[in-house]
Amino acid sequence: MATEANGEEGGLALHPMAQFEVTPLFGGDTVAWYTITNVTLWMAIAVIAVTALLVLGTSRRAVIPSRVQSVAELAYGFVYKMLEDITGKEGVKYFPYVMTLFMFIVMANFVGLIPMAFTTTSHIAVTATMALLVFFTVTVLGFVLNGGKFFGLFWVKEAPLALRPFLAIIEVMSYFVRPLSHSIRLGGNMMAGHAVIKVFAGFAAIAAIAPLSVLAIGAMYALEILVAFVQAYVFTILTCVYLKDALHPSH
Amino acid sequence: MATETQEAAGQAAEAAAPGMPQLDFSTYSNQIFWLLVTLVALYFILSRIALPRIAAVLAERKGAISNDIAAAEDLKTKAAEAEEAYNKALAEARAEASRIVAEAKAEIKQDLDAAIKEADTEIAAMSAEGEKKIAEIQANATESVKEVAKDTAKEVVAALGADVDARTVTAAVNTRLKG
C-alpha cells in the first residue's frame, strides 16, 4: 500500500492509486463476493467505531454527559435536526435510516484518514450502492405515499403551461442524474484527497523537496479532515432533501 | 468460474495499465456485499440500541432541566413572599415604634403640664402672700408716719409756746394727712 521510492537514484515510483486496491485479507488473489478483504476489515472497523461512540459511549446514560457521550448526543442531535428541518415531522420516522448512512460515511471517512488505512468510501461501488439505495427508497416511497401525485414533482405548476413539458423533461433528467452526482461527489472527493496526499508523500523521497512535501501533506491532511466531515454532511443532507421530495412532492 | 475469468481479465487490465482500482468491476460484488452487511448491522445496532438510548437520555435531561426550572421558579416566588412578609413586619414594627414614641410624648406632656400647673398655683400663692405682707408693711408705715407726725406736731406746738389741746393737734394732723 505504501509508496516505495528509490530515493537514492532520484527515481520516483508514485503509486497514488495503490492504496485503493481491494485485496483479500488472508492470502489468495481472487476476490469473490464473499471473500474477506480489506473492505471487510475497514467497514468492520467503522462499525466498531460507531458502536463504540454511540453504544459504549452512552452506556452510562448520564444526565450530565461524559465527553464521548456528548459527542454521541451531538451527532444524534445534528442529524435529527437536519432531518426534521428539511422533511418536517413526517420525515422523523426515517431517522434511523439517515443516521445509519451518516454515521457509516463519517466514520468510514475518518478511519480512512488513519495512515495505511483503506478508505471504503473512496470506492464508487460503495458510494453508488448507497446513492442507489437512497434513490430507490425515495422513488418507491414517493409512489407508495403519494401515488400518481408523485409525478407532480416533475410538473412545475408555477411555470407557464407551454414551458411545462420542457421543464418536465429537465426535471426527469435531473431526477435520474441524482444518484450519479450523489455518489460521485462523495467517492471522488475521498479518492482525490487521498491520492493527492500519496503523491506528495512520493515526492518526499527527493531530499530537496521533502520539507515542502511534508508541509503539503500536513495541509492536505487538515483539509481532508474537513472534507471527511463535509462530504458525509453533504451526502446526508442530500438524502434528506430527496426524502422531502418523496414526502411532499408538490413543487 | 465465471468470476474467476472476470477476475483474471480485471487483473490483466490492471497489469497492462495501472488504472483506478475504483473501476475494477471484479471487486464490485465483494464491496457491495460487505457494504450491505455493514449497513444492515449498523442499522440494527443504531435502531435497536443506540438511538433509543440517546433519545431516552435526551428526554430525561430535558425533563430534569424543566423540573429544575420549575423548582427554581417555586423558590423564587417563595423568596418574594418572604421578602414581602419581612417588609410587612418591618412596616408594622415602624408603626408600633412611632405609636410608642407618640404615647411617651403625650405622657411626658401631661406630666409637664401638671407640674407647670402646680408650680403656677404655688407661685400665685406665694405672690399673694407677698402682696399681703407688702400691704401690711405699707399700713404699718402709714401708721408710724401718723404717730411721728402727731408727736412732732405736739412738740413743735409746745415749743412754740402755744397751749393747745392735744386732741386738737391730732385732729389737725389727721385732716392734713388725709388732704
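None of the figures in this text is laboratory data; all of them are computed from the coordinates on show. Everything numeric here is computed off the predicted structure, so don't read it as measured data. Backbone-built Cβ (ideal geometry, glycine too); neighbour counts: all protein chains shown.
Straight-line reach from B:K146: taking Cα to Cα under 23 Å and skipping same-chain neighbours fewer than 8 places apart, the lysines in range are B:K132, B:K133, B:K154, B:K178.
Highest mean first, the peptides A:103-116, A:175-188 sorted by other C-beta atoms within 10 Å per residue fall in the order A:103-116, A:175-188. About its Cα centre, the dipole of the stretch A:7-247 is roughly 820 debye, where the only charges are +1 on Lys and Arg Cβ and -1 on Asp and Glu Cβ. Peptide packing for A:57-63, A:244-250 was compared via the average number of neighbouring C-beta atoms within 10 Å per residue; ordered from the highest value, the list is A:244-250, A:57-63. Give the angle, between 0 and 90 degrees and rounded to the nearest 10, that separates the Cα long axis of helix B:2-16 from the longest principal axis of the Cα atoms of chain B. Once rounded, one gets 80 degrees. With N the number of residues in chain A, Rg(Cα) / (2.2 N^0.38 Å) evaluates to 1.22.
Placing R0 at 51 angstrom, the Cβ-Cβ distance between B:A85 and A:I170 gives a FRET efficiency of 0.10 after rounding to 0.05. Just name one of A:M173, A:P16, B:V57: the one whose Cα is farthest towards the positive end of the charge dipole of the protein assembly as shown (beta-carbon charges, Lys/Arg +1, Asp/Glu -1). Positive-most Cα among the choices belongs to A:M173. Of the residues A:W33, A:G147, B:T38, the one whose Cα sits farthest toward the positive end of the charge dipole of the protein assembly as shown, with +1 on the Cβ of Lys and Arg and -1 on the Cβ of Asp and Glu, is A:G147. Using equal-weight Cα scatterers in the Debye expression, the normalised intensity of the protein assembly as shown in log10 at q = 0.10, 0.11, 0.14 Å⁻¹ is -0.90, -1.02, -1.30.
Size estimate for the stretch B:11-103 follows the Kirkwood approach: the inverse of mean 1/r over distinct Cα pairs works out to 21.1 Å. Compared with the dominant Cα axis of chain A, that is its longest principal axis, helix A:38-51 is turned about 60°. Here the 3J(HN,Hα) profile of the stretch A:182-191, calculated from phi with Karplus coefficients 6.51, -1.76 and 1.60 at θ = phi - 60°, is 4, 7, 5, 4, 5, x, x, 4, 5, 5 Hz, Gly and Pro shown as x. Considering only A:L74, A:P249, A:A46, and ranking their Cα positions along the charge dipole of chain A that arises from unit charges at the beta-carbon of Lys, Arg, Asp and Glu, the one farthest toward the positive end is A:P249. For the stretch A:21-64, the extents of the C-alpha atoms along the principal axes are 51, 16, 13 Å, listed from largest to smallest. Packing order of peptides A:142-155, B:103-116, A:196-209, highest average first: A:196-209, A:142-155, B:103-116 (average count of other Cβ atoms within 10 Å over each peptide's residues).
A simple spin-label model places the labels of A:D85 and B:I116 8.7 nm from each other, with each point 7 Å out along Cα-to-Cβ.
Between 0 and 90 degrees, the angle of helix B:28-44 with respect to the longest Cα principal axis of chain B falls at about 30 degrees.
The stretch between A:S59 and A:A162 holds 31.1 nm of extra length on full extension. This uses 0.36 nm per residue minus the Cα-Cα distance. Across the alpha-carbon set of chain B, the Rg to Rh ratio works out to 2.13, Rh being the Kirkwood radius. Taken about its Cα centre, the protein assembly as shown carries a charge dipole of about 1280 debye when Lys and Arg each add +1 at the Cβ and Asp and Glu each add -1 at the Cβ. Dipole magnitude for the stretch B:2-178: about 420 debye, using +1 per Lys or Arg Cβ and -1 per Asp or Glu Cβ, origin at the Cα centre.
For the stretch A:122-251, rounded, prolate or oblate, judged on the Cα gyration tensor with a ≥ b ≥ c (square roots of eigenvalues), a/c < 1.5 rounded, else prolate if a/b > b/c? In terms of gyration-tensor shape, prolate.
Neighbouring Cβ atoms from other chains, within 10 Å of the Cβ of residues in A:27-39, number 5 on average.
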